[in-house]
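All remarks here apply to the structure that follows.
The values are calculated or read from the model by the stated rules, or taken from the named source; none is laboratory data. This one's a predicted model, so the numbers in the text were calculated from it and none came from an experiment. Cβ sites come from the backbone with ideal geometry, for glycine too, and all protein chains shown count toward neighbours. Note: areas computed on protein heavy atoms with side chains; ligands, DNA, RNA excluded. Shrake-Rupley method; radii C 1.70, N 1.55, O 1.52, S 1.80 Å.
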Amino acid sequence: MNHFITTLKNPNQPEIEYAIEFNLYEFFRSMVNIEFEDNQYKETEEFSRFFTGIPFYFFNGVIDNHISSENVMKMIKENITFFEKRQVPFLWVLGPSSTPKNMGELLIKNGFISDKLQGMAYNLKILNTERELLNKVEILKVESMDNLKVWNDIILTGFEFPKEVQSDFFSEAFSFILLNNRTSASAFLAYYDGNPVASSLILYKAGVVGIHLVTTLEEARGKGIGTAITLAPLNEAKKLGYETAILHSTEMGINMYKRMGFKEYCTIELFIWQPGSKDPFFH
């Protein structure tokens, strides 16, 4: 449960892995730090749980997992029961520090489906802040509610979130930290030929800048816009004195980030549970 409160300087590998893991946890926490009617958040010494009530796994989950071997089955049962009663899917996130080490195996035995993200980091000291943008690409920082709603729409479309997701969730969830408490996060919009086509969010937590919600609309992919919308937050972070940027890449994005100079450090494991999964607790 310990979190960095200062900017990491010359971090070593364990510090970078820790930051990759805990910046992601802070991203999920930021989604429930608003007063939506259904939002619930619980933090214990063994795990943290967030619940938004939105019937999509990305918006409900268990993070910061440090459970003893003696307690692990009890905690799995407790959390499945919590979400099963509310009939929403949820995500259980495991990182390098998660315990017990066989947690993933136990989750799969209890009806979870596994996926993974690659934790990557970039040394901002080598970033060339004078790198020019592509022709026809304009990057705007989100600093008004109108821009925030456009940014929100890009995210929902680019990530193909289902219709059940509240259309204004991200704009409301992040409006405070993006428009009022700007020291903790920034968001960016990319326009191509005058049309909004890409988004990114950066979160200044765990001593690093974490890049999240990077997406480009399908019709604008393959033009280098994903690189441009990632470079914008890197430039801001470097100017603010940060030395390390981190992100969590799907298989599809790894090669692009490698070309930009990001390096792989660790794996973040995702375990998804859906209502109606096979009967748990018998393994």
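Go through segment 104-117 and give me each residue that's surrounded by fewer than 20 Cβ atoms within 10 Å (Cβ to Cβ) and at negative phi.
Gly104, Glu105, Leu106, Ile108, Lys109, Ile113, Ser114, Asp115, Lys116
Could you grab me the full set of residues in segment 214-226 that are under 14 Å from Gly253 (Cβ atoms) and either surrounded by fewer than 20 Cβ atoms within 10 Å (Cβ to Cβ) or among the basic types (Lys, Arg) (or both)?
Arg221, Gly222, Gly224
Looking at the structure I just gave you, is Ile155 modelled with pLDDT under 95, surrounded by fewer than 20 Cβ atoms within 10 Å (Cβ to Cβ) and either farther than 25 Å from Tyr242 by Cα or of a type in the set (Val, Ile, Thr) (or both)?
Judged against the criteria, Ile155 is not a match.
Yes or no: segment 262-283 includes at least one residue that is more than 29 Å from Met103 (Cα to Cα) and touching a residue at least 60 places away in the same chain (Cβ under 8 Å).
No, segment 262-283 contains no residue that is more than 29 Å from Met103 (Cα to Cα) and touching a residue at least 60 places away in the same chain (Cβ under 8 Å).
Which of the residues that make up segment 227-262 are among the aromatic types (Phe, Trp, Tyr) and either open to solvent by less than 10 Å² (accessible area, probe 1.4 Å) or within 15 Å of Lys125 (Cβ to Cβ) (or both)?
Selection gives Tyr242, Phe262.
Looking at (1) open to solvent by 10 Å² or more (accessible area, probe 1.4 Å); (2) more than 28 Å from Ala19 (Cα to Cα); (3) in contact (Cβ under 8 Å) with a residue 24 or more places away in the chain, which one does Lys85 not meet, given that it meets all the others?
(3)
Exactly one of these conditions fails for Glu78: (1) assigned to a strand (DSSP E or B); (2) open to solvent by 30 Å² or more (accessible area, probe 1.4 Å). Give me its number.
Among (1) assigned to a strand (DSSP E or B); (2) open to solvent by 30 Å² or more (accessible area, probe 1.4 Å), the lone unmet condition for Glu78 is (1).
Has segment 158-170 got at least one residue that is modelled with pLDDT of 95 or more and of a type outside the set (D, E, K, R)?
No.
With the requirement that a residue be open to solvent by 10 Å² or more (accessible area, probe 1.4 Å), β-branched (Val, Ile, Thr) and at pLDDT 95 or above, what does segment 16-39 give you?
If the condition is that a residue be open to solvent by 10 Å² or more (accessible area, probe 1.4 Å), β-branched (Val, Ile, Thr) and at pLDDT 95 or above, then Ile16 is the only one that fits.
Under the condition of being farther than 20 Å from Phe170 by Cα and of a type outside the set (Gly, Ala, Ser), which residue from segment 46-70 is surrounded by the most Cβ atoms within 10 Å (Cβ to Cβ)?
Asp64
In segment 237-257, which residues are part of a helix (DSSP H, G or I) and touching a residue at least 60 places away in the same chain (Cβ under 8 Å)?
Ala237, Lys238, Lys239, Ile254, Tyr257
Can you give me the number of residues within segment 198-211 that are over 25 Å from Asn10 (Cα atoms) and either open to solvent by 10 Å² or more (accessible area, probe 1.4 Å) or of a type in the set (Ser, Thr, Tyr) (or both)?
The total comes to 2.
Note down all Cβ pairs under 6 Å where the first residue falls in segment 37-60 and is under 22 Å from Ser97 (Cα atoms), the second is open to solvent by 40 Å² or more (accessible area, probe 1.4 Å) and of a type outside the set (A, V, I, L, M, F, W, C), and they're at least six residues apart or on different chains.
Glu46/His66; Arg49/Lys42; Phe50/Tyr41
Which residues, taken from segment 124-152, are at pLDDT 80 or above and either touching a His at 6+ places or on another chain (Cβ under 8 Å) or hydrophobic (A, V, I, L, M, F, W, C) (or both)?
If the condition is that a residue be at pLDDT 80 or above and either touching a His at 6+ places or on another chain (Cβ under 8 Å) or hydrophobic (A, V, I, L, M, F, W, C) (or both), then Leu124, Ile126, Leu127, Val137, Ile139, Leu140, Val142, Met145, Leu148, Val150, Trp151 are the ones that fit.
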